[in-house]
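Inspection log for the structure reproduced underneath, given as structure tokens.
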Amino acid sequence: MEVNEPASQHELEIKKLNREIKRLKKDNELLRIANNQAMNTQAYIQRDNYRQMFYNNQLLKTYPHLLILTDDQLQTVMTSDVFFDHNRTFSKDEIERGVPLRDALSGILAERDLNHFMVMCQAAMVGRAVEPYILRNIVGGSKTDWQITIRRMHMEGRVTGLNIVFVDMTMMVDALDRAEAADKAKGAFLANMSHEIRTPMNSIAGMSELIIRDSNDDMARQQAMMIKSASKSLLAIINDILDYSKIESGKIELRAEDVRTASIISDILMMIKIRLKDDSVELNSDIDSNLPSVIHVDEVRLKQIMVNLMGNAVKFTEKGYIKLGMHMDKATDGSDHLHIYIEDTGMGIKKEDLKDIFSSFTRIDTKRNRAVEGTGLGLAISKELVELMGGTISVESEYGKGTTFFVDIPCPVTDPTPVGDISVSIGEVREEVFVPTYKIPGVNILVVDDNEMNLTVVSGILAPYEANVTCATSGEEAISKFAKERYDLIFMDHMMPVMDGKETMFKIRGMQGGENVKIVVVTANAINGVDEAYMDMGFDDYLSKPIDPACLDGMLKKHLDPDWIVEKGGQKSPGDIHDTDVRIANSYDEIKETYEEETNMGQSNEEVKLIDKAVGLRYCMGKEDFYKNVLNIFAESNECSSLKEMYDKEDWEQYHTIIHAVKGTALTIGATALSEKAKGLNQAAKDGDIAYIKEHHDEFMEDYVKVLELIKKGEI
Ligand code: ADP
């Protein structure tokens, strides 16, 4: 047994060892598995890291904006590749190892902008909200508009740095700038147009008003009433053009009323007849005798469309005829439609231009049209208006032969009685003549305007009030007059050279007695909202050109002490002038003949072509002395040599200034043809069309010299 005992002990040991070996083997296996797993995980992590890095790299490579990530010390961590398009100082490695943000951007942002940017970054780091902002940055002469966004980054509640994005907005900002500039140009264009058109309109309306009031000659009064009626319509149209934005934004409201077709036609033909310069273009009509007498339509808009189209026909037709056709029929749905066509034998429109002609501000064939006035708005407005009325407008044209516009407008018939033979019944003149009902003797009024003609008109309108009217032709003169004399009311033109109305008003306000004097600004800039702007400047009121005598009357009543007003006892306008029937075709020829007879003025045809004394005299209210004065001023301010000098020097800016002045003064003395030529050159100088100037300068100078010689002869 003793022998067995150790043996069994031994066996036991062996068994134990075997178990131990087994356990170790198992552990070993487990370790191997664990090791394998660890290796797998490591490989996986490595692969994932690579993946991550790959995508990060891709992201930074393809990110379209300049991105910079920093640490909490504002040292760079990484940037998008766009950064390296702008930075030439640091390598990718250096950036990733960490460069101070300020240094990294120092070649990219201008010093002053960089300072501001760093302040924003510091602010973002301490948790202040920094809104994205646009920065116009100019480095080395090149401009970039950056939109900069700065955001703070966090990890597990700790601030890790900044995420900064620069987006290049240059193109967008440029586009915006261009759009704004275009908008501004449009505004300026409207203001200019307002001034350019309203100033001569002021003279036309004012002068005709004076004739209506002062003349004892019935014929002259009738003619003047026609002029006034036409200028009134024109003014309405000008206002609409100024309000073009209103049309554009669809804010025009139609006001349909019952209108006599004969009166529309007569008014339109009257306006157009006045515009025809000579006998080389006939004005014809083709009015269906079955046209209903009364239709329901917006008269002002309809006339505006017709005047636009007929006005164009006049402008673009040198010989032949212009025809207005009108008839009415029923559409398939039974509604009444007015059909108008306006045909001319003018220059026509090229096929390729036809598609553009209804677009706003479009003037085609500008080389040929240089001397033809226009805004390029007429057809666009007409189209908008026709469509607003539910109608259609179209055009047919053959280049060199002529053009026909067709308008079709639905409008109900109120009185279907046929209008009959229109040519013998048209031409109603319905005009109220404004006559003041009170006087203001002893009241001192100062009228300030650089344009003599405007001064004449205002003083003429003021004459019946029996006030003391003093005129000043410049701001400086107004100030020196104000220093010597007490005035109760001042009418101040806005646009004057050297010192404009605003500056003059400021100066007067600062003088003794100037604080309380009533100053009314007179301006041709009749754009919505300007009246308030003028009041804000310090004017007491606002009077728009052309001056309406009734408005001026209201202004006097409003601003003068009621004790100064002496009532005359309510005069009425002469009733016998109303509703006078005039046969249009005959009356105009008669008017022309009578006018020519009366105004022959002993001038030869050649002379009339150079200076039409009748025209010049009209601008000077028929006063020979005044006209002589104006002629002398024109001759004294001979611009021949300065024009030649500027032409030789090719100083087109100065050339433009001089020719612009000659354009106006030539017209005032009745040198219409010269003024017309100056107008073409003026426009060309404005547009920088030097070829046109070179082509027409000599011809203009020849005429200019002839006109000056004629004045020198002293026979006018
Ligand atoms: P504008 O003020 O220049 O006359 P419109 O819009 O009325 O502006 O006309 C645009 C352009 O269309 C004109 O400048 C001209 O070139 C052309 N046009 C319009 N009507 C006629 C016409 N009856 N004959 C020839 N061309 C015309």
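Please state which one of 193, 169, 219 is crowded, with 16+ Cβ neighbours inside 10 Å and modelled with pLDDT under 85.
193
Considering only residues that are under 25 Å from residue 390 (Cβ atoms) and among the basic types (Lys, Arg), look in region 324-356 and name the one that is nearest to the ligand (Cβ to nearest atom). I'd like the intermediate steps shown before the answer.
Quick first cut of region 324-356, residues under 25 Å from residue 390 (Cβ atoms) only: 324-343, 354-356.
Now drop any that are not among the basic types (Lys, Arg), which leaves 330, 355.
Details: 330: 29, 355: 12 Å.
Looking at the filtered set, the residue picked out is 355.
Looking at 644, 663, 609, which is the one that is at pLDDT 75 or above, among the basic types (Lys, Arg), within 18 Å of residue 710 (Cβ to Cβ) and assigned to a helix (DSSP H, G or I)?
609
Within region 144-182, work out how many residues are of a type in the set (Asp, Glu) and not in a strand (DSSP E or B).
Matching residues across region 144-182 total 4.
Check region 61-70 and report whether any residue there is at pLDDT below 95, in a helix (DSSP H, G or I) and touching a Ser or Thr at 6+ places or on another chain (Cβ under 9 Å).
Yes, region 61-70 contains a residue that is at pLDDT below 95, in a helix (DSSP H, G or I) and touching a Ser or Thr at 6+ places or on another chain (Cβ under 9 Å).
May I ask you to say which residue of 97, 102 is under 18 Å from residue 70 (Cβ atoms) and loosely packed, with under 14 Cβ neighbours inside 10 Å?
97
Residue under question is residue 376, and the condition is that it be at pLDDT 85 or above and either more than 21 Å from residue 213 (Cα to Cα) or within 16 Å of the ligand (Cβ to nearest atom) (or both); does it hold?
No; evaluated as a whole, the condition is false for this residue.
Hey, among 179, 110, which residue is hydrophobic (A, V, I, L, M, F, W, C) and either more than 47 Å from the chain's Cα centre (by Cα) or loosely packed, with under 13 Cβ neighbours inside 10 Å (or both)?
On the way: 110 fails: either more than 47 Å from the chain's Cα centre (by Cα) or loosely packed, with under 13 Cβ neighbours inside 10 Å (or both).
Being hydrophobic (A, V, I, L, M, F, W, C) and either more than 47 Å from the chain's Cα centre (by Cα) or loosely packed, with under 13 Cβ neighbours inside 10 Å (or both) holds for just one of 179, 110, which is 179.
If you take the residues of region 313-334 that are surrounded by fewer than 22 Cβ atoms within 10 Å (Cβ to Cβ) and small (Gly, Ala, Ser), which of them is farthest from the chain's Cα centre (by Cα)?
334
This table checks each residue for (1) modelled with pLDDT of 85 or more; (2) within 32 Å of the chain's Cα centre (by Cα); (3) not hydrophobic (A, V, I, L, M, F, W, C).
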site	(1), (2), (3)
628	no, no, yes
637	no, no, yes
656	yes, yes, yes
685	yes, yes, no
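Please specify each residue of region 271-312 satisfying the condition of being surrounded by fewer than 19 Cβ atoms within 10 Å (Cβ to Cβ) and small (Gly, Ala, Ser).
Result: 280, 285, 289, 293.
For region 268-311, how many residues are polar (S, T, N, Q) and touching a Ser or Thr at 6+ places or on another chain (Cβ under 8 Å)? Don't jump to the end; show me each part of the working.
Of the residues in region 268-311, the ones polar (S, T, N, Q) are 280, 284-285, 289-290, 293, 304, 308.
Of the ones still in play, those that are also touching a Ser or Thr at 6+ places or on another chain (Cβ under 8 Å) are 285, 293, 304, 308.
Within region 268-311, residues that are polar (S, T, N, Q) and touching a Ser or Thr at 6+ places or on another chain (Cβ under 8 Å) number 4.
When the residues of region 294-309 are narrowed to those that are of a type outside the set (D, E, K, R), within 17 Å of residue 408 (Cβ to Cβ) and in a helix (DSSP H, G or I), which ends up farthest from the ligand (Cβ to nearest atom)?
Ranking the qualifying residues of region 294-309, first place goes to 302.
Take the residues of region 388-408 that are more than 9 Å from the ligand (Cβ to nearest atom) and closer than 14 Å to residue 306 by Cα: which is surrounded by the most Cβ atoms within 10 Å (Cβ to Cβ)?
Checking each candidate, the answer is 407.
Please verify whether region 74-92 includes one or more residues that are in a helix (DSSP H, G or I) and touching a His at 6+ places or on another chain (Cβ under 8 Å).
Yes, the conditions are met somewhere in region 74-92.
The values are calculated or read from the model by the stated rules, or taken from the named source; none is laboratory data. Predicted, not measured: the structure shown is a model, and the values here were computed from it. All Cβ positions, even for glycine, are placed from backbone atoms using ideal geometry, and neighbour counts span all protein chains on display.
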